[in-house]
Amino acid sequence: MGIKGREDGDIISLLAEQQLPLYLMQRQLHEILVEALDGWSQVNAAHLIGSNQARMSNLRRGDVGRFSLEQLIRFLSRIDYRVEIQVHHEPRRYGAHWSGQGTAAPELSVTFVSAAAEAAGLRKRLGTRRRLVPVQGTREVTRASLLANTMVPPVEVDPADGTVHLDGRILHADPVTDVPLSRRYFLR
């Protein structure tokens, strides 16, 4: 059972009613409680958390919907757990932020252009307030120009499957599960 008699897999209706965060908190507290009481008989575990054997049976079967968040917190506190709830602000309304206000965007921005475009007055023609900076010295840049990395191993990419070899070794990167700058910063 899930919240209000729903099955656990009914995530879509939980999302629609914005009850998913509550359900996920209940699920997490339930898992901690069941793990903490592992090895205890139902009668002794129920006595320890101040409940009865039938409720303990519901708890062990995973009937999370039968317990309120408050009950789960109370059960955990009776076995010396302290529950802390942290609240984080995550914007749900997308719009202009600090760098999109007033003249901040053009003052913080730089657009690299060719020297000829800059000399021909491209900034005035475009009517932009952004700084246009002519690119220079790029034709001379080589691997030897790198200050901190002077190693030059051969890099090979297999055209059939995209496997990358660096100095004869296969480079492998697992897919990411968390992007560090995803919602904390407003990159566009």
Given the conditions (1) over 20 Å from L22 (Cα atoms); (2) exposed (fewer than 10 other Cβ atoms within 10 Å of the Cβ), and given that E70 satisfies all but one, which numbered condition is not satisfied? (1)
Taking only pairs six or more apart or across chains, which ones have beta-carbon atoms under 8 Å, a first residue in the range 101-123 that is more than 10 Å from V133 (Cα to Cα) and outside the structural domain of G137 (by TED's automatic domain parsing), and a second residue that is assigned to a helix (DSSP H, G or I) and aromatic (F, W, Y)? A104/W98
Take the conditions assigned to a loop (DSSP other than H, G, I, E, B), closer than 30 Å to R130 by Cβ and either among the charged types (D, E, K, R) or modelled with pLDDT of 75 or more (or both) and apply them to R82. Does it pass? no
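The values are calculated or read from the model by the stated rules, or taken from the named source; none is laboratory data. Note that the coordinates shown come from a computational prediction; the quantities given were computed from them, not determined experimentally. In this analysis, Cβ positions are derived from the backbone assuming ideal geometry, glycine residues included, and neighbour counts consider all displayed protein chains.
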